[in-house]
Amino acid sequence: MKTSKLALILFIAVIVTLMIPPAGASPPRASAAEPTRTDVVIIGSEIEGMYLARAAKDEGLSVLVLDPRERPGGQLLEGEMLFLDEPMGDGGESLVQGRMAALFNDYKKGKIRKTEHFRAYFEELTRGIPLESGITITEVDIRRQPDGSGRFVDAITYRTKDGRTHTVYPAYVVENTDFAALTSRLDLARIPGMESIIPTPDGSPDYMAATFMLKYKNVDWNTFQTKVMSLSKQERERLYGSETTVTNTFTWGFGRVGASYDSGRDDWFLRGLNIVNQLDGEVMINALLVYGVNPADPASIERALAEGCEQARKVLEHLRKTLPGWSKAELNGYPSYLYIRDFDRYETEYVLQGTDLMSGTMFWDNVSIGGYEIDLQGTIRQKWGQRKGNPDKYGMPLRSFLAKNYRNVIVAGKNVGASAVAYGSARIQAQTALAAEVIGIILGQIKGKYELADMTPERMKKLHEYIYENYGIRLAGVAANSRIDHLTEEEKALFNMGRLTVP
């Protein structure tokens, strides 16, 4: 009996010894998790795609958000781009619809102005939706339809921050990053960018500037507004620049203030000041442009953020000397990311053109109604940018959010399929957020019946009716004024190439 016990003890000791890795050995590799199937997988956490996630979830679909960034919220929360642009129709009516209408309503009332307010809003919007930050896509499995009708993403394999590998099989996958994390892998044709309007010497791709948001406190907004707006229009323009206006909430104009700032660098530029009053003496400014940033390169982002902090301090001194009510202004921190307004976009089933916007075209498959000035921010070769025209209203079709020749790939937000000219307006957040929400609703309604790629005018008509009756979003029967009826076909072609401006 004693011999048997001794043998058992020795056997266990040997097993335990074998399980202990030798000194200096690498830790065991994390194992792959079981593959999962999900109705909608969203790559990136920009807020536009989160409206799609919310709508799809509310319509009964399973949703998973995989974010390559370390923290969620992108442009809105990390870049702190809190100056919300509102699309308007000819009659001055707001075109904001859907869930974002409530955000704009609270924004105007001053209930949502500060970063912490937007963070709470984002958390409520995404409540109950699984979101994994800091992932790395390692493989995208692309298949072809047996009948040759197109391609589809069958599976996405990714690695989490803890080193585990997962594979997910999505019914639909959504590109919702600001650096084409998914669509750059799909062998799609790139839509020509700003280099097609402001040529680069070698024809290489170019983009509108990114923005480093400026955060200041101890601004006397009442003095600022009163003193600026008490001036005659002519005097305001002489001192501050054309169209200079200060309301209780916003400012615009101040081009002379920007032009008189010396950044000391060719790749940093202060344009006119779009300032939002965050109340309690706090403000946020969308005006400090940086050129040549690559959002797909973390080192490029880090360099721009470090330089932006230095520029923010210099801009503060400039504004203290230039603007009434700003003499005691102080820094109020720095954003942890940039506002990336433009990067590589890839072909969709329909690519919006500038003439679509300016003619007020409405599409049978509208998923949004837009209406914002065609505002092309500058490049390093033309820092002030260009304004090409001011449309009334226009439709944004489902096809401009479907990757070309893919059955199950959707693009959201700034990935919208639009030419370089049309993108100057189509990129506006409120418009692409509405499109994303509507697509999320549609996905829930068509599940088990047919696919997005099989949409027809008859099917879309029924969906438009459902969306209006249940969500109050009007996408059909909207009339718009054309701005280009007087142009010849040749002039319209020139406009689409960025060679013509419509006053």
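The values are calculated or read from the model by the stated rules, or taken from the named source; none is laboratory data. Because the structure is predicted, anything quoted here is derived from the model rather than measured. As a convention, Cβ positions derive from the backbone with ideal geometry for all residues, glycine included, and neighbour counts pool all protein chains shown. Heads up: the accessible areas ignore ligands, DNA and RNA and are worked out on the full protein's heavy atoms, side chains in. Shrake-Rupley method; radii C 1.70, N 1.55, O 1.52, S 1.80 Å.
Below, the figures for the structure above:
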{"quantity": "When each of LYS217/LYS314; LYS114/LYS217; LYS388/LYS492; LYS227/LYS328; LYS109/LYS393; LYS217/LYS328 is checked by Cα-Cα distance, pairs over 19 Å", "calculated": "LYS109/LYS393"}
{"quantity": "Top positive-direction residue, dipole computed over segment 325-377 with Cβ charges, set LEU376, PHE363, LEU352", "calculated": "LEU376"}
{"quantity": "Peptides ranked, highest mean first, by Cβ atoms within 10 Å: ranges 176-186, 377-387", "calculated": "176-186, 377-387"}
{"quantity": "Per-peptide average of other Cβ atoms within 10 Å, ordering 473-482, 411-420, 96-105, 363-372 highest first", "calculated": "411-420, 363-372, 96-105, 473-482"}
{"quantity": "Lys, Arg +1 and Asp, Glu -1 on Cβ, resulting dipole of segment 451-503 about Cα centre, debye, nearest 20", "calculated": "180"}
{"quantity": "Restricting segment 422-462 to trypsin sites (Lys or Arg not before Pro) in coil, as DSSP defines it, with at most 10 other Cβ within 10 Å", "calculated": "LYS449"}
{"quantity": "With Cα atoms, 0 to 90° folded angle of helix 115-125 axis to the chain main axis", "calculated": "60"}
{"quantity": "Long-range HN-HN contacts of GLY150 with modeled amide H, under 5 Å", "calculated": "GLN145"}
{"quantity": "Cβ charges +1 (Lys, Arg) and -1 (Asp, Glu), total dipole of segment 117-243, debye", "calculated": "400"}
{"quantity": "Packing rank of 80-91, 206-217, 42-53, 229-240, where each peptide gets the mean count of other beta carbons within 10 Å, highest leading", "calculated": "42-53, 206-217, 80-91, 229-240"}
{"quantity": "THR348 long-range amide H proximity, modeled H, under 5 Å", "calculated": "LYS404"}
{"quantity": "Area of ASP154 that stays accessible when all protein chains are in place (1.4 Å probe, Å², to 10)", "calculated": "40"}
{"quantity": "Span from the segment 408-468 Cα centroid across to the segment 295-326 one, whole angstrom", "calculated": "37"}
{"quantity": "For Cα extents along the principal axes in Å, calculated from these coordinates, the label among (i) 82, 54, 46; (ii) 77, 56, 43; (iii) 107, 59, 48", "calculated": "(iii)"}
{"quantity": "Within straight-line cross-link reach of LYS321, aspartates and glutamates at Cα separation under 16 Å, skipping those fewer than 8 residues along the same chain", "calculated": "ASP220, ASP262, GLU330"}
{"quantity": "Solvent-accessible heavy-atom area per residue, rounded to whole Å², over the chain at 1.4 Å", "calculated": "44"}
{"quantity": "Candidate aspartates and glutamates for bridging to LYS449, where Cα separation is under 16 Å - those fewer than 8 sequence places away on the same chain excluded", "calculated": "ASP39, GLU59, GLU458"}
{"quantity": "Sparse-neighbour loop sites [trypsin sites (Lys or Arg not before Pro); segment 245-349; at most 14 other C-beta within 10 Å; DSSP]", "calculated": "ARG265, LYS328"}
{"quantity": "Estimated dipole of segment 352-503 in Debye, rounded to 20 [Cβ of Lys and Arg +1, of Asp and Glu -1, Cα centre]", "calculated": "460"}
{"quantity": "Extreme residue, positive dipole direction of segment 273-360, given options LEU288, LEU316, SER300 (C-beta unit charges)", "calculated": "LEU316"}
